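Laboratory data are not the source of any read-out in this text; all were calculated from the coordinates shown. This is a predicted model, so every value here is computed, not measured. Don't worry about glycine lacking a Cβ; one is built from the backbone with ideal geometry, like all the others, and counts go over all protein chains shown.
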Amino acid sequence: MSQPWVALAMGCLFQLLAVAESSLLDQFGIDMFFPIQKAAEAAEMAKRTSLGSFEASPDEPARPKVPRRFGATMSVVTTSVGVPAQGRGYFAQDVDLKASRMEIVAPYLLPQVTTNMTTLSVGNHTWIETGGSQHSQAMCRTIPMLGPQGFKDMFSWASDPAISEYVGQSSVAGRSCTQWRLRSSSSIINETLCSDGDIPVELNISMKSSAGGVTKESHASYRFDPLSTEVDSSLLEKPSICDHVAPPCENGRGVGPVTLDAYVFHPGLSAIDYSIEDQNVADLRGDALFICFDLMSNQSSFADHNYSLISRYSLQLSPAFGQYSACNGYPDTKPKGPVCIGGDTRLTGKEAPFFGGEGESRCADESPMGFWYSLPKAGHCPPGQAPSTTASESGCTWSIIKRAKTIHQTCLIKDHNFLASCKADFAQKDFARSTAALSAAFESEDFSKGGCPDIGGPDSKEDVTSFVV
């Protein structure tokens, strides 16, 4: 499956390729952290490419010199696929140490599902910590598809008249502040900072993205409470959980395999596209959410990865689930894949979408948004075998019973107007309609009942080399 990360083009400033369904993994990361990362890169580029010199106007107030080391609680509002996400958290930075930390806790898509994410950048490295405030529940990953990693100074551009300009006076939640705007030759990004003297009050970033031939604009607003120059130094250091992946779920140790009807959105360019090794799959509700999100994001995966088919497999999984991996691409897609990052290389990975719940709900039985799974090649059982009760310690962790059915995405999305169900679900903040529509497409071939025809595929559960669509 390929995640609906939109392709963001910013001329020479940056380009992020759309990624795969496991990468919905980090749409929350994109929404909350990615704008700051990209805006900081834009400011650096503006400084390197600034033409001519600009001097501060005698009528403008003194330019802000934000403290080099500070911490502050903050609120965040972002938009993605037209759905605002709001959260609160904490931000800290130390420019001399080249370190910053952003903690955000927010409900995402569904009010009852909370996502907890911390982004820590030190030097040239960035780690994403998710899954809870307790280290016993949290997990840590590096996410290279977010672009260049490492510390970025969010505020220094506003003090440089060569790359910023005075806009005027403003007010944010009753606090008077002075508005500054980044001078940029790009029409893709717009950044403003409202400051009260040297104190940042609100940072606003707008970005345009293009996917599937459609351009949309997204916004992110970061509002800072009064600052403190006292920052716990341990908050700006790499945590020990980033040195290893999460252990197997305790409630899955010593337990035999469970059966899962797994859905996967994939290309249909050749027989190898039916392989689910090193791929992400989902349960019914999780895949309905994925397809909806991709549709609402202008079909980035459809356009950029040639994702044209949806298949349902019957699988056996060891319930000793490990840390979820983000897997992207197929051997015949561009960029070539599959490539998996951030998770266990043998254990079957599992998470509620967007890191939802404590421990990403990895060891939970239920999630209102369903579950996503990663299927590492090293954990694939040989033909005729299934995961054993000792799979948490060694051996294979997942097996294929059969490929049950494959449909063409046009039947579900166009013929049955799946987007209408998605829009209704997003508005009502549940996924009942889209889940029912996806289920109906696989339950029968009767169009009047929402069914779709089985277009076929490899007959053998293991042999995917002899069938070409």
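Using 0.36 nm times the number of residues separating Val167 and Thr73, minus their current alpha carbon distance, what extension gain do you get? Don't jump to the answer; show the numbers that get you there.
Working: separation 94, 0.36 × 94 = 33.84 nm, distance 2.58 nm.
Here the answer is 31.3 nm.
Work the Kirkwood hydrodynamic radius out for segment 250-449: mean of 1/r over every pair of different alpha-carbon atoms, inverted, in Å. Spell out each step's value before the answer.
Values: mean 1/r = 0.0584 Å⁻¹.
In segment 250-449 this quantity evaluates to 17.1 Å.
Using a Förster distance of 45 angstrom, determine the FRET efficiency expected from the C-beta separation of Thr410 and Asp59, and round it to 0.05.
0.15
For segment 353-364, in order, what is each residue's ³J(HN,Hα) by Karplus, 6.51 cos²θ - 1.76 cosθ + 1.60 with θ = phi - 60°, in whole Hz (x at glycine and Pro)?
Running phi through 6.51 cos²θ - 1.76 cosθ + 1.60 with θ = phi - 60° gives x, 6, 6, x, x, 4, x, 6, 6, 4, 9, 7 Hz.
What ranking do Ser164, Ser240 get, fewest neighbouring Cβ atoms within 10 angstrom at the top?
Numbers: Ser164 26, Ser240 9.
If I rank by nearby Cβ atoms, fewest first, I get Ser240, Ser164.
Would you list the P(r) distribution for segment 349-402, with all Cα-Cα distances sorted into 5 Å bins from 0 and each bin expressed as a whole %?
Over segment 349-402, the share of Cα pairs per 5 Å bin runs 5, 20, 21, 18, 19, 14, 3, 0 percent.
What's the exposure ranking of Ser221, Ser308, Ser171, Ser318, going from fewest to most Cβ atoms within 10 Å?
Ser171, Ser308, Ser221, Ser318
Given H placed on each backbone N at 1.01 Å, which residues far from Ala404 in sequence or on other chains put an amide H within less than 5 Å of it?
Arg312, Tyr313, Ser314
For the pair Ile401 and Ala432, what calculated FRET efficiency results from E = 1/(1 + (r/R0)^6), where r is the Cβ-Cβ distance and R0 = 35 Å, to the nearest 0.05? Walk me through the intermediate numbers first.
Working: r = 28 Å, r/R0 = 0.79.
Plugging the Cβ-Cβ distance into 1/(1 + (r/R0)^6) gives 0.80.
Given labels modelled 7 Å from the Cα in the Cβ direction, how far is it in nm from Thr345 to His219?
Rounded to a tenth, the inter-label distance reads 4.5 nm.
If I take R0 = 41 Å and measure r between the Cβ atoms of Glu366 and Gln86 in this structure, what FRET efficiency does the formula 1/(1 + (r/R0)^6) give, to the nearest 0.05?
Details: r = 25 Å, r/R0 = 0.61.
Calculated value: 0.95.
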